Every structure is written in C-alpha cells, then in structure tokens.
Amino acid sequence: MTASVYDTALTTIDGAPASLGDYRGKVLLVVNVASKCGLTPQYEGLEKLYREKKDAGLEVLGFPANNFNGQEPGSEEEIKQFCSLNFDVSFPLFSKISVAGTDVHPLYQQLTAAQPVATGEGPMREKLIGFNIEPNPAPGVLWNFEKFLIGKDGSVIGRFSPDTAADDAGLRAAIDQALAA
C-alpha cells in the first residue's frame, strides 16, 4: 500500500514535529510560499480564505520554499515575522522545504505524483519563459504559490497554478465541493 500524505513527517515553522495527519478529516489547501515573490501578496487572499472557511473545516497550510530564484531566503523566524507583520497570517506554516529539484520533500513527491497537472497552468509557464526563467518541468511544481487541494479522506483532489488567486471561482468551487463531501 502506498503511504498516505497523512504519514509524511513534517516540521512546523516553530520546529515541532508534525504531519498532515494532524489535520485528518479536514480539507487542506497546501501552498508553497515565498516572501520575495511577485505572487507574495497572495498571502492576503489565502489568509482571508482561511478565516472565512476554517470553521467549515478548511486548513490552509503554508510551506516556505526557496526553490525559485531564491525568493524565500530567510530563516524560519524571519519568515514567521514577515508573514505576521505584513499579512497577519494565522494559518499554519511549516519549516522551509524543497518543492523542486533533486531534493524534493517527500510530501511534494506525493502531491505531484497524485496530481501531475495543475489547473490553469499555461499562462504562468509562458510568463516565466517571457522573463527568461526556465520553468520547472512538469509534473514538478512550477513556481511559488502553487496550490494542492486534499480532501477530507486524505486524497489529493486538485492542483492549481501559482497565479490562481485565493478568490478564484474554480478554486473556491473545488474547496466548497470538498467541504461538502
């Protein structure tokens, strides 16, 4: 039997051991985040989404990653302060991990294997090429703020491109459907 995403060992941004199993029975939106990215303002929408839907069973989980143009260079403490001061982030953050390259964290290996294609990915890939940035090859994570949706049963049920905002109708419909399941 394949390991569940619930079983993968994680560490919170405060250094405590954790796993997605801590959120069993909830709908999870797993996002690789960065503090110095053009998409960093998405923290605001993600926090708003979290506050709006957490009582219904949604958890937004942020995974800082420095894989793309060094856009998350800070320490855990610096990341936590940045998120708190700039975006009043209250959703759970985890320690910095790798989401691309040869040292991809096992959680992201599972996520990309379960959902190899992101909804709405084309324009973002083209944008990166336009900036002379070599996109991470599929099925790998394209850039910061890619979003994976995990259902209450632990199955990976959706993947959304980095430029899909938290108020995107398709993303919100998928979240609502998962919450209703």
Mind checking which lysines have their C-alpha under 20 Å from K53, skipping anything on the same chain fewer than 8 residues away? K26, K147, K152
Filtered hits (aspartates and glutamates, Cα-Cα < 16 Å from K36, offset >= 8 within chain) -> E44, E72, E76, E77, E78, E146, D163
Cβ under 14 Å from Y108's Cβ, Y108 left aside: what net charge do those residues give with Lys, Arg +1 and Asp, Glu -1? +1
Label-point separation (nm) for D88 and A173, each offset 7 Å from Cα along Cα-to-Cβ? 3.1
In segment 132-160, whose amide N lies under 20 Å from the spot 7 Å out along Cα-to-Cβ of D103? List them in ranges. 136-137, 140-145
Per the Kirkwood formula on distinct C-alpha pairs, the Rh of segment 26-180 is how many angstrom? 15.5
DSSP bridge orientation in the chain - percent antiparallel, rounded to nearest 5: 55
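At R0 = 30 Å, how high is the FRET efficiency between A16 and T119 if r is their beta carbon distance? Nearest 0.05 is fine. Spell out each step's value before the answer.
Details: r = 33 Å, r/R0 = 1.08.
FRET efficiency, A16 to T119: 0.40.
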Summing Lys, Arg as +1 and Asp, Glu as -1, what charge do residues with Cβ under 14 Å from the Cβ of Y23 carry, Y23 excluded? +1
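Read-outs throughout are calculated quantities, based only on the coordinates presented, and are distinct from any laboratory measurement. Source: prediction; values computed, not measured. As a convention, Cβ positions derive from the backbone with ideal geometry for all residues, glycine included, and neighbour counts pool all protein chains shown.
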